Each structure stands twice: as C-alpha cells, then as structure tokens.
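Read through the structure below, which is laid out as structure tokens, and then see the notes.
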Amino acid sequence: MYIIKPVLSKTNEKNNNTLIFASYELQKYLGYVIDDDISIIPANAEFKTKPNTVFLMINQNLNISGISDPELDDAIHIDIKDCSGIISGTNARSVLIGVYRYLKELGFAFLRPGKDGEYYPDKFRFKDVNLTEKSSYRHRSVCIEGSVSQENLMDMIDWIPKASMNGYFMQFQIPRVFFDRWYLEETPFREKLELTNEEILLIVSLAEEEIKKRSLMYHSAGHGWTCQVVGIDGTAWEKHEEPEEKYRYRLALVNGERKLWEGIPLNTNLCYSNFEVRNILTDNIISYCKSHPGLSYLHFWLADAFNNNCECENCKGTNISDYYVMMLNELDEKLKKENLDTRIVFLLYFDLLWKPEVEKIKNKDRFVLMFAPITRSYSSSYCTEAKGETKPYEYNKIDLPKDVGENLAYLKEWQKEFDGDSFDFDYHFMWDHYYDFPQYNHAKILSGDIKNLEKIGLDGLVSCQIQRAFLPTSLNMNIMAETLWNKDADFDSVTLKTLEKEFGSEYKFVIDYLSFLSDNGCAKAIREEERISTSENIASLDKSIEKIDCSASFIENQISNSDDNQKTNAWEKLKFFSQLYKEMLLTYKQIAKGNTDVDISHIKKLALENEMRFRDEFDAMYFLHTFYINTVPRLQKQ
C-alpha cells in the first residue's frame, strides 16, 4: 500500500484544504500508472520516514535564499527515496506545485489545460527525487482575455499550478466582455447564449472556489472603477448613453465638454482634482475589498485611454500621475481604518507612464507597481543594454513609446520613486502571437523578456492574454511557465522537451518547420515596423507558402501513421494551422502587391469550421477579431 499523509494545521483551514487537494491530485495521477492501493491519511505530527509513505507539508524555513515572504514566494523541497519521503513548500500553494513537479520527475507532463493536455509515462517506474528550488519570480500569473467559456476558465485555473505558475487575474468586477465573446457569438456551428450578470458572477464565484482550493494568488478588478463614479457598470469596451445629468460634473472636461470619451465609459477619465470624485472612487474600492476577503491583489486603474484628462482650471497642468498617487494614498488610509491588508496594484500605462512630479507613495508595503507597456514592440526582448529616453510630459499631448528601450526609460524613472514589489503586465498572447503566427521567434522573444525581468527590476509577469494560446503548439505557453519558475531555463531544452512530448519522434521537423516559417513570415511588417510591400518581404512570403505546400504530405503521413490519439491531435492541429496560415500569407502577399480589395471570407469560414474541433487550443473568435478588425485594415493603409 502507498500512503499519502498531508500534515494538517489545527488553525489554518485554507492551507489544510489545499494540502488535502494536493494529496488527492497525487493519488489520482499515481493511480493512473500503478496498481497498488493508494490511501490518504491526514497527519498532524512532524515528518518521520515510514515505508511507502510520502508526507505533504508546509515548511516556511526551507534552507534556500531569497525568500522574503514565505506566503508570497514559492519554494519547494522534495526528498523521496524508495517511495518514501517528503514534498514540502513555503506555503500550501507551493506544496501543490511540488506535487506536480514530483509527477513531472516521474515522467508525467502537463502541456496545456484540459485532460487532453496531460501526458502519462508509457513505462512507469518510481525513482528517487531530491531537489530544493525557489521560483525565480514571485509573480507568475495569467490574466483573463479573449473569448472565454466556463470550461476554458476552469481548465486554465487547474493548469496554472501544474505549470508551476501561481496566480490568476479576473479583470473587471463583472467580466462580462470575455464571456460574451464566447456565448453571444452565434456561428453556423453553435448557438449563442445570453448570460445575465448574475450568471456571470456565478461562474466567477465557482472560479474563485477553484482558485481558493489551490491557494493561488487572486488578482481582481482593474478596469471599471471610473465608470461607477458616474453611475455606469463598466463591463466592456462598448459605447453607452451619456450618464445622468447629476453625474456630469464628475466627468473630465475635455475640449470644453464633460461627456464620455468617444462614448465609451471605460475610456473616460474623471475630474480628479474634485475631492468628492476621489472620495467616491476610493469608497467604492473599499466596499469591494470588504466584500471580497479572498483577494490577494486588487487592481486600481484609471481610464483605458490617453490624452483625455480633465482640462478644468483645477486639474489642467497637473501630471495625472500626481492625482493617481494622491488617490493611492487616500485609499491606503481608508484601508488602514478598515483594518484591511489587501495589496493594491497600480499601473504604469498610457499617461501614467510619466512619474509624478510632486506626490509620493507613503506606504510602499501596501502597493505593487505594474509595468504595462501596451505599445511596446515584440521584435526585441527586454535587456539592460536597451537605450531610450523619456519625453517631457505634455498635458493631453503625449506620444506613447514603442521601442523597448524607450519604454524601459519610463520604468526606470518610476523606479526612482518606488522601490517596492513590482511585475510586468505584458501582452505577448493578445495580438503578437498572431503577427508571428508560427510563434517560434515569438517564443524566443518571450524567453528573453522573462530572463531579463530581474535585470530591469521586475519580479515576474502577469500575462494579459487569450486563454487558448496553444496553436500551432504548446511551446510558447510552456516557455513562459518554465522560464518564470527558472529564469535560467534553456530555450532549446524546453523546446525539445515540449515538442517531443507533443509530437513524438518527428519533433525536429516541427522545430525546423516553425523556425523557417517564423523567419519568413514578415512579422515586423505585420507589426507595422516596416512596409510589407518590399521585394524582400514578398519573397519571404513566397518562401513560406512554398514551405507549407512542400510539408503538407509529411504532416498528412504523420496523421495517417500515428496510433497515439494525443500525437495524432497534435499533427492535426499543425495541419489546420498550416492551412489557415497559408491563407493568411496569401492575403498578405496580395496586399503587398497593391491589391487592397482582398476577399478574406474564406479565412473566417476555415477558422469557424474548426473552432469546436480545436476549442481548447485555438480562440477562433479573437483570432478573427485581430485579423479582420486589426491586422488587414492596418496593412491596407500602408
């Protein structure tokens, strides 16, 4: 008999629940590969070696440097010999991560969310495992974006600790927009379903239970606080009728008018010099914190637009970051009075990239800096050698930086004012993975970004992204997860390990294939960093199209000759990607040759026909939104 003994506390039910869950996970996966009975027997004593017994326990005093807060910093210690020993971590979440790590050492793999993304060893045998590790970065989270079903959400939360990540970010107080993109989009292949706010909040509450079960770091809100002040629920980037007259004075005065910015509440700033406005805004945040005691991080953001700050006599001329920091300090005082220890995330984004000129953050332990360079280029990675300078702040006349070095210059200026906890909030899997759709070079940029986060003074990454970013392969998401755990993770080693598990013995073909397509996909032109119409780019597009055509029979043979359902699915996914990408390349080629009147309806049809087949790997609706609404119109204007 194999025995799992979670060492439980008499006083901490939350930790106990996660330890028990970790025990059942270890029992479940070992049960897939061994015939012995596996029992779970809770314990409340210190660890003592017993035959065929593994103890799961929290140990905040692991003999490892760099742990400043054991509740926030994940470290694991595994010492199992002859099927007996210990899996421990600095907190309950770390113990769960340690369980999955032990399973990986035994030959299991968790390449993507969902049952089909799990791989079990063909010929299982126990082996001795002895390791002690601390994660390279504190913040290792995924943020909801794209079109999302309840199943997608739950699968992602389940996968996060399996990938050695530690948190989830649910944007908005009511994240309607992401669920509407899935349930409200009617296609020839599925019916639409309209959810009420109550139904969406029920999905959120179920997700929160799953987050709590795993003791994950839970981030919430961000967008929408400014909307509430004028009586509007900010749940999507959509137009709305003007607020009631009684609220108008709270809106920013821009171009002589107090009204919604371009009709969109989420993009509208307020009159922040008005104490009443600031007071209502911060009171709303306090109410939310009191009603959500399970939060690890509450995000407080302003409008999702720039150059639209209030121009009234009291506001104009004052750096918007000064009003922002003023509100952060006011919020901190209210949190203290309520005896709330919620951590508040503030962001460097749009106008807020410019540091405050007068105000200072008073309680640095309360706050976490979030660097959100949404206009950055993904043609190069963060590096300490990147050069750039900040531009003077011009009220409602700023130009946003695009170069990596210039973005980092604004971060460095803020870091002179704030040296507390911080992380990168980045967008690798929002649009750019479609611009370099083969994603091989994209993976290299992502790897370089994460490796250099420590060097630029950031303690991790919260990835603002679609939830289904596993087409054409699972490589990029695994590069992100493994490098966040270990910043020294070797790119080639992770690539080989991931693609061999996913595709089998012909994984080298996949590496060469995607590498070639990435090199010849004109990603810089798709990002508008150069013109697509050059002879060099047209030649590259031709090379990629030819490569896809020449590789089609090889991919088809792998599908026909495979007797492994998971590997068959991987090759079928690569086949679908190749078909879709070829049509995209042909469209780019037409535009490059001057034909802007292109018919791309067949691309929409191809994506939607395959949506349900690859629904766990491919976000068809967000792909189409990016390709139709963003990419093609931009290229046609070049």
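Global dimensions of region 286-420 from alpha-carbon coordinates: Rg and Dmax equal 15.8, 47 Å. For region 48-137, the relative contact order is 32 percent, taking Cα pairs closer than 8 Å that sit 6 or more residues apart in sequence and dividing their mean separation by the residue count.
Taking 1 over the mean of 1/r across every pair of different Cα atoms in region 362-450, what Kirkwood radius in Å do you get?
14.5
Just so you know, the Rg over Rh for the chain is 0.97, from Cα atoms, with Rh as the Kirkwood radius.
This model, with +1 at the C-beta of Lys and Arg and -1 at the C-beta of Asp and Glu, gives the chain a dipole about its Cα centre of some 760 debye.
Nearest 0.05, what FRET efficiency do Lys387 and Asp419 give at R0 = 30 Å with Cβ-Cβ as r? With R0 = 30 Å, the Cβ-Cβ based efficiency is 0.85. Across region 177-229, the fraction of Cα-Cα pairs farther apart than 13 Å, rounded to a whole number, is 71%. Sites listed here are trypsin sites (Lys or Arg not before Pro) in region 1-76 whose DSSP assignment is loop and whose Cβ has at most 11 other Cβ atoms within 10 Å: Lys10, Lys48. Couplings 3J(HN,Hα) of region 67-74, computed from phi: 9, 8, 8, x, 6, 9, 9, 8 Hz, in residue order, whole Hz [Karplus 6.51 cos²θ - 1.76 cosθ + 1.60, θ = phi - 60°; x for Gly and Pro]. For region 93-247, the ratio of Cα radius of gyration to the globular rule of thumb 2.2 N^0.38 Å stands at 1.31. Under a point-charge model restricted to the Cβ atoms of Lys and Arg (+1) and Asp and Glu (-1), what is the dipole moment magnitude of region 410-531 relative to its Cα centre, in debye to the nearest 20? It comes to approximately 240 debye. Here the label points at Asp597 and Glu262, each 7 Å from Cα along the C-beta direction, are separated by 2.9 nm in the simple model.
Size descriptors for region 437-556, from the alpha-carbon set: Rg then Dmax equal 15.8, 48 Å. Across region 482-489, coupling constants 3J(HN,Hα) worked out from phi with the 6.51/-1.76/1.60 Karplus curve, θ = phi - 60°, read 5, 6, 5, 6, 9, 5, 8, 4 Hz, and Gly and Pro carry x. On a per residue basis, the chain carries 40 Å² of accessible surface, using protein heavy atoms and a 1.4 Å probe. By the helix-only formula, in which each DSSP H run with n ≥ 4 contributes -39500 (n - 2.57) and the sum is divided by residues, the chain has a 222 nm mean residue ellipticity of -12500 deg cm²/dmol.
Each of His433, Tyr119, Asn63 was scored by the projection of its Cα onto the charge dipole of the chain, and the greatest displacement toward the positive side belongs to Asn63; charges sit on the C-beta of Lys, Arg, Asp and Glu. Straight Cα distances below 12 angstrom link Lys212 to the aspartates and glutamates Glu13, Asp158, with same-chain residues fewer than 8 positions distant left out. Once the convex hull of all Cα atoms in region 124-165 is built, its volume per residue stands at 104 Å³. Coupling constants for region 456-465 follow from the phi torsions by the Karplus curve (6.51 cos²θ - 1.76 cosθ + 1.60, θ = phi - 60°), and in residue order they are 9, x, 10, 9, x, 9, 10, 8, 7, 7 Hz; glycine and proline get x. Gyration tensor over the Cα atoms of region 22-144: the corresponding equivalent ellipsoid has semi-axes (square roots of 5 times the eigenvalues, largest first) of 23, 20, 13 Å.
Full extension of the chain between Lys402 and Lys104 yields a length gain of 103.3 nm, computed as 0.36 nm times the residue separation minus the alpha carbon distance. Viscosity 0.890 mPa s, temperature 25 °C: give me the Stokes-Einstein translational D for region 566-638 in µm²/s, with Rh taken as the Kirkwood radius over C-alpha pairs. Rounded to a whole number, D works out at 188 µm²/s. Return the FRET efficiency for the residue pair Thr568, Asp492: r is the Cβ-Cβ distance, R0 is 22 Å, and the value is rounded to the nearest 0.05. After rounding, the FRET efficiency stands at 0.25. Distance distribution note for region 193-254: the fraction of Cα pairs above 16 angstrom is 62%.
Peptides 214-223, 508-517 ranked from most to least packed, by the mean per-residue count of other Cβ atoms within 10 Å: 214-223, 508-517. What the Cα atoms of region 259-343 give is an Rg and a Dmax of 13.9, 41 Å. Using the Stokes-Einstein relation with a Kirkwood hydrodynamic radius computed over Cα pairs, the translational diffusion coefficient of region 1-66 at 10 °C and a viscosity of 1.306 mPa s comes to 124 µm²/s. One Cα centroid belongs to region 567-638, the other to region 1-34; the line between them spans 44 Å. Most simply put, the chain has about 30% antiparallel DSSP beta bridges, counting only bridges with both residues inside it.
Ranked by the mean number of other Cβ atoms within 10 Å per residue, highest first, peptides 274-285, 237-248 order as 274-285, 237-248. The alpha carbons of region 85-161 occupy a box of 43, 32, 18 Å along the principal axes, longest dimension given first.
Taking 0.36 nm per residue of sequence separation and removing the Cα-Cα distance, the Asn197/Lys115 pair yields an extension gain of 26.6 nm.
Surface composition of region 195-331: carbon and sulfur make up 47 percent of the accessible area, probe 1.4 Å. Using 0.36 nm per residue and subtracting the Cα-Cα separation, the extra length available between Lys605 and Glu241 on full extension is 127.6 nm. Using Cβ point charges alone (K and R +1, D and E -1), the dipole size of region 369-481 about the Cα centre works out to roughly 300 debye.
Answer with one residue from Gln228, Leu201, Pro161: the one whose Cα lies farthest towards the positive end of the charge dipole of region 150-235, charges on Cβ with Lys, Arg +1 and Asp, Glu -1. The residue sitting farthest along the positive end of the dipole is Pro161.
The values are calculated or read from the model by the stated rules, or taken from the named source; none is laboratory data. Keep in mind that what you see is a predicted model, and the values were worked out from it rather than measured. Because the Cβ atoms are built from the backbone with ideal geometry, glycine has one as well, and the counts that use them run over all protein chains shown. Note: accessible area is taken over every heavy atom of the protein model, side chains too, but ligands, DNA and RNA are not part of it. Shrake-Rupley method; radii C 1.70, N 1.55, O 1.52, S 1.80 Å.
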